1. With the requirement that a residue be open to solvent by less than 70 Å² (accessible area, probe 1.4 Å) and out of contact with any strand residue (DSSP E or B) (no Cβ under 6 Å at 6 or more places or on another chain), what does the range 118-129 give you?
2. Report, by residue number, each residue of the range 215-270 that is open to solvent by less than 60 Å² (accessible area, probe 1.4 Å), touching a helix residue (DSSP H, G or I) at 6+ places or on another chain (Cβ under 7 Å) and within 14 Å of residue 187 (Cα to Cα).
3. Please determine whether any residue of the range 204-227 is outside any helix (DSSP H, G or I) and within 22 Å of residue 171 (Cα to Cα).
4. Can you tell me which residue among 163, 153, 140, 98 is assigned to a loop (DSSP other than H, G, I, E, B) and more than 16 Å from the ligand (Cβ to nearest atom)?
5. Quick one: would you say residue 155 is surrounded by fewer than 16 Cβ atoms within 10 Å (Cβ to Cβ), over 21 Å from residue 57 (Cα atoms) and at pLDDT below 95?
6. Looking at (1) in a strand (DSSP E or B); (2) surrounded by fewer than 22 Cβ atoms within 10 Å (Cβ to Cβ), can you tell me which one residue 45 breaks?
7. Is the range 177-193 home to any residue that is assigned to a helix (DSSP H, G or I), open to solvent by less than 40 Å² (accessible area, probe 1.4 Å) and under 30 Å from residue 17 (Cα atoms)?
8. Determine whether the range 106-117 contains at least one residue that is open to solvent by 50 Å² or more (accessible area, probe 1.4 Å), touching a helix residue (DSSP H, G or I) at 6+ places or on another chain (Cβ under 8 Å) and closer than 23 Å to residue 2 by Cβ.
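The values are calculated or read from the model by the stated rules, or taken from the named source; none is laboratory data. Treat the numbers as computed from the prediction; the structure is a model and nothing was measured. Counting neighbours? That spans all protein chains shown, and the Cβs are built from the backbone with ideal geometry, glycine included. Heavy atoms of the whole protein, side chains included, go into the accessibility calculation; ligands, DNA and RNA do not. Shrake-Rupley method; radii C 1.70, N 1.55, O 1.52, S 1.80 Å.
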Amino acid sequence: MPELPDLVYLEKRLNEYLPEQKITAVEMQEPIVLRMLLPGVFAESLRGAQFRSVKRHGPFLTFALSGEKELVIHPMLAGRFHWNEIGAKLPAGCALSLECEESGRAFHYSDDKKMGKIYLTKSGDYKKIPRFNEQGPDLLSKDFTLDYFKAQLKKSRKQVRVLIMDQSVVSCIGNAYADETLFAAGIHPKTFCYQLVEEEIAKLYHAIIKVMQWGIAEVERAARPIEVKVREHVRVRNRRDQPCPQCGAKIRRAGVLGYDAFFCPTCQPLKRNQFIDWRNLKEGAQ
Ligand SMILES: [Zn+2]
């Protein structure tokens, strides 16, 4: 689940819960998601350690610990975080539980798909963590400029949706916010980078930032427990056959390089003739 707005929210909440908490017990329900990058045993290395600050790095959350250690979690598609009372029922798909006895609570990481990873490393040492150091500029940072983005688009032969989801280009946009961004920019998900004119590139660039800031504000406003996925605000994602909030046309779904993309055929017209023109199809003909 976690996309950038979710991770921004998690970072904030976890920084309220975890710093100064001492880990008193460690349980590893799914060792398959764990990667030990230190000499020693995972559980023993964590027991007795104290949480410091939590930081987001692209799609990763890093948890600084006492003793020069760091826990790095890459939740991928299905990872969730929990801060529950000790003794409460374990979350479904629970992979790791860190009890902090003094607070009476436990920090859990759950992952139904077991695609995410938890690394324990020396603090600041990320070189063995796949994709950590390969993240492109964070889209919320000053490094993500229009000139940089233009240059990336100009040298790409990919479809726009594929490019903006490439974390080495911009960090980081997942499926939900890719759809929302393209909708805001009025760009069909099958458009190729070379088909965009200057004006559209600028529109897309600003949409990336604006849509993500909107997502962050919506997730913050919902103020749910950290394990809850907040998606009620999305305008096109997973809204197939529902009316477009801008024009009322039915939202469509299309496959883009193996991923489902949701879009409005009227607000996001296709640029090329060789693809199906959704607007000319009878309703429900897809
Ligand atoms: Zn529309």
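1. So in the range 118-129, the residues open to solvent by less than 70 Å² (accessible area, probe 1.4 Å) come out as 118-121, 123-126, 129.
Across the range 118-129, the qualifying residues are 124, 125, 126.
2. 236, 252, 256, 261, 262, 263, 264, 265, 267, 268
3. Just the residues of the range 204-227 that are outside any helix (DSSP H, G or I), to begin with: 223-227.
Of the ones still in play, those that are also within 22 Å of residue 171 (Cα to Cα) are 226.
Within the range 204-227 (the criterion being outside any helix (DSSP H, G or I) and within 22 Å of residue 171 (Cα to Cα)), the answer is yes, since at least one residue qualifies.
4. On the way: 163 fails: assigned to a loop (DSSP other than H, G, I, E, B); 153 fails: assigned to a loop (DSSP other than H, G, I, E, B); 98 fails: assigned to a loop (DSSP other than H, G, I, E, B).
Sole residue among the options that is assigned to a loop (DSSP other than H, G, I, E, B) and more than 16 Å from the ligand (Cβ to nearest atom): 140.
5. Criteria met by residue 155.
6. Single failed check for residue 45: (1).
7. Yes - at least one qualifying residue is present in the range 177-193.
8. yes
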